[in-house]
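First comes the structure, then the notes that go with it.
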Amino acid sequence: MQSLSTEDLTALELKANDVRQGIIRSLLAAGSGHSAGPLDMSDVFTALYGHLMRHDPKNPQWPDRDRLLLSCGHIAPVRYSAMANFGYFPVEELLTLRKFGSRLQGHPERVSLPSVETTSGPLGEGLAQGVGMALGAKMDGKDFHVWVVTSDAEHQCGLHWEAVLTGAKFKLDNLTAIVDRNFIQIDGSTEDVMPLEPFAQKYRAFNWEVYECDGNDIAEFIETAQRARSYKGKPQVIIANTIPGKGVSYMEGDYLWHGKPPNKEQAGEALRELAAARERILAHE
Amino acid sequence: MSSGTGVREGATAMNLADYRRADVKMVPTRNGFGEGVIEAGSRNHDVLGICADLSESTRFEGFKKAHPEQYVEIGVSEQMLVAMAGGLAAVGKVPWIASYAMFNPGRSWEQVRTIMALNETNVKIAGAHAGVSVGPDGATHQAIEDIAIMRVIPHMTVVVPCDSVQTKKATLALSEMWGPVYLRFGRDKSAVITTDETPFEIGKAQTFREGGDVAILACGILVYNALIAADRLAKDGIECRVVNNHTVKPMDEAAVADAARTCGAVVTVEEHQKAAGMGSRVAEILAQQCPVPIEFIGVDDRFGQSGDPAELIEYYGMGVDSIVAAAKKVHQRKA
């Protein structure tokens, strides 16, 4: 895997800014949807599409591509925005989010948009499918990697832990789970609704290799993900600590932004903030 | 008496076994699955067997021995069974996933709907231990709602073969067709009605006996009871057409309508709740295409219980006497 130059990092930070702007625009156009998770995972998705994954937007069904599964389908706007910004479809299509006839369904559907790899939304199901894909790759001697993005709250689902058990049984080192550890869910803090801590210890006890990093620091995430990907003998999990709503100050850290979109004024404010952040990236501040 | 006019496939072409013999061969339908899946795995090495800790009773043991590289054991986790199979199918595998029908698709229904059907993946469910004929295990393990929950899912194919020989054929045919499928079979020994020469085609109902007075549309192991009932009814002057309506979805609408049109009265027979099962689908078709009196044989909004399989079939109103009574009743209603 190539190392990250300063220029590469700046380019990725600008992309992440584009991804966030796409999220805000698509949510405003949709009039419904989730804000906090998509914004806080913009850096991770940018790192995946922009640096970590083996993929080709011009050949999205390339058999040897890395598989990226979004288990928590409700944060679809970040995936759609990242895909658009990395060339899978025109950025203007983001404005069709959640609208009748759009490929950009409220929760991702593989049949209408094959490069999302699977249909998701019901929580706790992505890692299980990732285990299947990773096992299938091993059976056939394929060397693609399987990445599964999960929310922290979906670790309250039993099926997710069935997948954690199974991944360990088959020593699926071609499988990396990425947890959006933002501590929020619809009804409040994860630790109030149903405590997940000690989180890393749970995965260690299930025989996974555990990494933690700042999920809003692209360079740190890439460095961590590269180490995870090259680990042999066990599946890996990256606990990506993120700030919900990251990049839009009035949303940051507020669980009430989990499941609602900005209105026109709020979206305008968000886009102004993101434009200013873009200037700061260019100025290397 | 009817000569079976309009039937696309005469009963004589069915090459049935001599099911009237007192010593009719008795084999569990699950054995047919076990044999079929081994052969499917030999024909196509992408066919996988995935089991949730029930390899002996779902008859996966032979597959495990014949194709160890294609066999995956994941323990007691039926939701995982479906979701993982979805992932394997997404990378080109043809996974057969087996558990008791009560747990898969019973426990895993949302994963079946989302990952198999909405997501259109080539996953095959083998639902073992369906019906009250599971016997002593009791109501917790007797799936009698599974046809209902599967037939309402778009893109799903639902097949309930009549005996072990047909279960083997169905397993092979379903392995070779693309798409999500549900194959339902049982635990107990049941009469072998068909032979290797009996044709089988997904979606094509089979006329096992000709008759023009009442049409008995049956699926699963109760096709045998329907045939025996038809013999008894013939002695009373009522000639029944007996149709093996093995594909519940997509149902052979033409065959169902033709049976109703020819006979003018219908009895449906299934080891399932009367509600929302095969018979309900027949009623939906006939309400639109050929409204005739219908009687339903099945479990009447109750749960099962422990007992001997034959005893339970009788107790829940699915025995030969019940079918005879239903046929007489519907025959009177059409008059």
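Every number in this text was worked out from the coordinates using simple rules, so none of it is lab data. It should be emphasised that the depicted structure is a prediction, and the values quoted were computed from it without experimental measurement. Using ideal geometry, Cβ is built from the backbone for each residue, glycine included, and neighbour counts are taken over all protein chains shown.
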Net charge near A:Y80, counting Lys/Arg +1 and Asp/Glu -1 over other residues with Cβ under 13 Å of its Cβ?
-> +2
Listing A:R65, A:R204 from the residue with the fewest other Cβ atoms within 10 Å to the one with the most, what is the order?
-> A:R204, A:R65
Using alpha carbon centroids, what distance separates region A:157-205 and region A:2-73, in Å?
-> 22
Which of the pairs A:K169/A:K234; A:K142/B:K93; A:K202/A:K246 have their Cα atoms more than 18 Å apart in this structure?
-> A:K202/A:K246
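What does the C-alpha gyration tensor say about the overall shape of chain A? Classify as rounded when a/c is under 1.5, otherwise prolate if a/b is larger than b/c, or oblate. Mind showing how you got there, number by number?
Values: a/c = 1.41, a/b = 1.31, b/c = 1.08.
Note, shape of chain A comes out rounded.
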For region A:110-173, radius of gyration divided by Kirkwood radius, i.e. Rg to Rh on alpha-carbons | 0.98
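Of all the stretches in chain B, which is the longest one without any exposed loop site, taking GluC sites (Glu not before Pro) in a DSSP loop (any state but H, G, I, E, B) with at most 14 other Cβ atoms within 10 Å?
Value returned for the longest uninterrupted segment is B:57-196.
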Taking a crude spin-label model, label points 7 Å out from Cα along the C-beta direction, the B:D231 to A:E279 distance in nm is 9.3
Which shape class applies to region B:133-206: rounded if a/c is under 1.5, otherwise prolate when a/b exceeds b/c and oblate if not, where a ≥ b ≥ c are the square roots of the Cα gyration tensor eigenvalues?
-> oblate
Given the rule -39500 (n - 2.57) for each run of at least 4 DSSP H residues, summed and divided by the residues of chain A, what is its mean residue ellipticity at 222 nm, to the nearest 500 deg cm²/dmol?
-> -12500 deg cm²/dmol
Everything considered on the Cα gyration tensor (a ≥ b ≥ c; rounded for a/c under 1.5, else prolate if a/b is larger than b/c, else oblate), the protein assembly as shown must be described as prolate
Where is the GNM fluctuation largest for chain B (alpha-carbon springs, 10 angstrom cutoff): B:D321, B:D252, B:D301?
-> B:D301
Label A:N263 and B:D300 with points 7 Å out from Cα along Cα→Cβ: what is the distance between them in nm?
-> 6.0
Could you give the distance between the Cα centres of region A:76-99 and region A:210-226, to the whole Å?
-> 24
Taking Cα pairs under 8 Å and at least six residues apart, what relative contact order does chain B come out at, in percent?
-> 20
Over 29 Å [Cα-Cα, chain B], rounded percent = 33
Could you pull out every residue, at least 5 positions away or on a different chain, whose amide H is within less than 5 Å of the one on A:E212? Hs are placed 1.01 Å off N in the peptide plane, and Pro or chain starts have none.
-> A:I239
Short version: ³J(HN,Hα) in whole Hz for each residue of region B:43-60, in order, from phi by Karplus 6.51 cos²θ - 1.76 cosθ + 1.60 (θ = phi - 60°), x for Gly and Pro, what are they?
-> 5, 9, 6, 7, 6, 10, x, 10, 10, 10, 6, 9, 5, 6, 6, 8, 6, 8
Here the relative contact order (percent) of chain A, from C-alpha pairs under 8 Å and at least 6 apart, is 24
Nonlocal amide H pairs with B:V299, under 5 Å, H built at 1.01 Å = B:H272, B:Q273, B:K274
Hey, in the GNM for chain B with a 10 angstrom Cα cutoff, which one of B:R302, B:R209, B:R30 fluctuates hardest?
-> B:R302
Region A:1-125, relative contact order in percent, only Cα pairs under 8 angstrom and at least six apart counted | 27
